[in-house]
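Worksheet: one structure, shown below.
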Amino acid sequence: MALNDLRQTIKGRVLLRGDDCFEQASKPWNLAIEQPVAAVVEVYDAEDVATLVTYARQNGMTVSGQRTGHTASGNVEGIILFRTGRLNAVEVNPRTRQARVGAGVILGEVQAAAAPLGLTGLPGTSPAVSVVGSTLGGGFGWFARKHGFASGSVRAFDIVDADGLPARVTEDTDPDLFWALRGGGGDFAVVTSMEFELFPAPELYGGRVLWPVDRAPAVLDAFREITATAPEELTLWFDLFQFPGAPPMVAVDAAYLGEAGEGRELLSPLDKIDDSIADSRGELPLANLLGISAEPTDPTKGAGQAELLSRLDDKVAETLLAKPIDPLVSVQLRQLGGAMAEESPGGSAAGRLVDPFLLCVTGSPTTPEVTKGLMARKAELIQELGPYVSGRKPYNFLAPGESAAQAFPELTLRRLRDLKRARDPHNVFRANFPILA
């Protein structure tokens, strides 16, 4: 077998080890993760995907697709990595309130196309994340409390199967695969395009309020007060920040799918906390939704961990605020609940999340010493939270070294594994976190 043969059959660019651009092309969005792949293929279209999958199956190789690599695990040694950036078509139908996107489309592009029509998808929190990649892992963001997982909004997938054959997958044509692709990851087929429902969003209110870290106890109290009775249209995050060269800070990020006056009233407990450094709350264009949390849009180094929390009581609050977060960059609580605690119509592998909060801890591993320190602080915090950590993790929030088994209940995991063995017996596909690992 010679990987050079791919250049004779693939219309897109094929890069092999030793080629000038290979190292750069193999990097994921998280630059802290190495991807020791055998080749990088920048597919030109869906036909290229079918050709590549057929080649891999015939030669006993494995392929893994990425648009950006936001959830890369590094578990890709010797495989063929293919990039989907050229599959970038976006179509929005305001009459049916549906969108069709290629596998190379990112969340910000969908919002930009839908927002002028008063419509929104169910994006995560960064405009730079792949729509298809995020949705295959479940996908949830600012509107998930109201409308559920993004995977639950999918109406059809266009795929290439493990035999290199194209197919259209819906609840009617292939209910088992449709169920798995709605939240079970990319281990069963290559999704080349996807159709999903859009939702009306005539008004949006939100933004970030930032204070010095000494206001953290009052901010967390207000966060707990608001989230205790928040309607499904409102989602809040609580953030502790320690950015390099800056003093420690605390923030609340909020998005309310509704009228500005109602949003201001719901968030009024925050107004009682003085000394705010900045307050960007206000009426927002839908296209600006993904800028609320100011997440980086350029590749960077990161080391994070996510844990679901069963409650946010006095003990959890005390633990979160007991010590400085340094050398971590951020400690964040995301409000869950609402529609995420219910099954998606028609069922999906994403299932439901009954835990009310997601804890995300993040650091920047710039040097071995910093990496050692942030890993120790992260482990210490998680250990101190002990019985409040549920053990399950959302699939999209798995970190290198973790496995898909941590993301799914036993019955769901068993069904996914049976489907993987049936549909891809030669292991042509490898997700970032393989279902059989």
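Points to keep in mind about this one:
- Set Asp313, Asp253: member being more than 20 Å from Pro394 (Cβ to Cβ) and either under 26 Å from the mean Cα position of the chain (by Cα) or open to solvent by 20 Å² or more (accessible area, probe 1.4 Å) (or both): Asp313
- Pro324 being of a type outside the set (D, E, K, R) and exposed (fewer than 14 other Cβ atoms within 10 Å of the Cβ): yes
- The residue list Leu81, Leu87 contains one member that is more than 21 Å from Gly346 (Cβ to Cβ), part of a strand (DSSP E or B) and either at pLDDT 95 or above or open to solvent by 20 Å² or more (accessible area, probe 1.4 Å) (or both), which is Leu81.
- Residues satisfying the stated conditions in the stretch 314-372, i.e. in a loop (DSSP other than H, G, I, E, B), within 21 Å of Val252 (Cβ to Cβ) and β-branched (Val, Ile, Thr): Ile325, Val329
- On inspection, Ser64 passes the criterion of being assigned to a strand (DSSP E or B), more than 30 Å from Pro202 (Cβ to Cβ) and among the hydroxyl-bearing types (Ser, Thr, Tyr).
- In the stretch 357-383, the residues that are over 18 Å from Leu398 (Cα atoms) and touching a residue at least 60 places away in the same chain (Cβ under 8 Å): Thr366, Thr371
- Among strands (runs of 3 or more DSSP E) entirely within the stretch 152-244, having at least 2 residues that are farther than 30 Å from Glu47 by Cβ and either open to solvent by 30 Å² or more (accessible area, probe 1.4 Å) or touching an Asp or Glu at 6+ places or on another chain (Cβ under 9 Å) (or both) singles out 205-212, 234-241.
Yes or no, residue by residue, for (1) over 23 Å from Asp174 (Cβ atoms); (2) touching a helix residue (DSSP H, G or I) at 6+ places or on another chain (Cβ under 6 Å); (3) in a loop (DSSP other than H, G, I, E, B):
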site	(1), (2), (3)
Glu91	no, no, no
Arg95	yes, no, yes
Ala113	yes, no, no
Ser134	no, no, no
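- Among (1) open to solvent by 70 Å² or more (accessible area, probe 1.4 Å); (2) in contact (Cβ under 8 Å) with a residue 60 or more places away in the chain; (3) in contact with a helix residue (DSSP H, G or I) (Cβ under 6 Å, 6 or more places away or on another chain), the one test that Arg57 misses: (3)
- Hits in the stretch 51-97 - residues which are farther than 25 Å from Gln24 by Cα and out of contact with any Leu (no Cβ under 6 Å at 6 or more places or on another chain): Thr54, Arg57, Gln58, Asn59, Gly60, Val90, Glu91, Val92, Asn93, Arg95, Thr96
- Of all positions in the stretch 225-240, at least one carries a residue that is farther than 26 Å from Gly108 by Cα and in contact with a Gly (Cβ under 9 Å, 6 or more places away or on another chain).
- Among residues of the stretch 395-437, those that are under 16 Å from Glu77 (Cα atoms) and among the aliphatic types (A, V, I, L, M), counted: 3
- The set of residues in the stretch 31-54 that are of a type outside the set (A, V, I, L, M, F, W, C) and surrounded by 21 or more Cβ atoms within 10 Å (Cβ to Cβ) comprises Gln35, Asp48, Thr51.
- Apart from one condition, Asn288 fits all of (1) within 15 Å of Gly118 (Cα to Cα); (2) part of a strand (DSSP E or B); the exception is (2).
- When every residue of the stretch 408-420 is checked against the conditions, none turns out to be among the hydrophobic types (A, V, I, L, M, F, W, C), touching a residue at least 60 places away in the same chain (Cβ under 8 Å), closer than 20 Å to Gly141 by Cβ and open to solvent by less than 20 Å² (accessible area, probe 1.4 Å).
One line per residue, one yes/no per condition, for (1) within 30 Å of Phe157 (Cβ to Cβ); (2) at pLDDT 95 or above; (3) open to solvent by less than 50 Å² (accessible area, probe 1.4 Å):
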| position | (1), (2), (3) |
| --- | --- |
| Thr297 | yes, no, no |
| Gly304 | yes, no, yes |
| Ser330 | no, yes, yes |
| Met340 | yes, yes, yes |
| Pro345 | yes, no, no |
| Ala349 | yes, yes, yes |
| Val361 | no, yes, yes |
| Thr367 | no, no, no |
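- Residue count for the stretch 392-405, restricted to those that are within 28 Å of Asp314 (Cβ to Cβ) and open to solvent by 40 Å² or more (accessible area, probe 1.4 Å): 2.
- Number of positions in the stretch 6-22 that are farther than 19 Å from Gln35 by Cβ, of a type outside the set (A, V, I, L, M, F, W, C) and in contact with a strand residue (DSSP E or B) (Cβ under 8 Å, 6 or more places away or on another chain): 1
The values are calculated or read from the model by the stated rules, or taken from the named source; none is laboratory data. All values reported here derive from a predicted model rather than from experimental measurement. Note: ideal-geometry Cβ built from the backbone for every residue, glycine included; neighbour counts use all protein chains shown. Note: accessible area is taken over every heavy atom of the protein model, side chains too, but ligands, DNA and RNA are not part of it. Shrake-Rupley method; radii C 1.70, N 1.55, O 1.52, S 1.80 Å.
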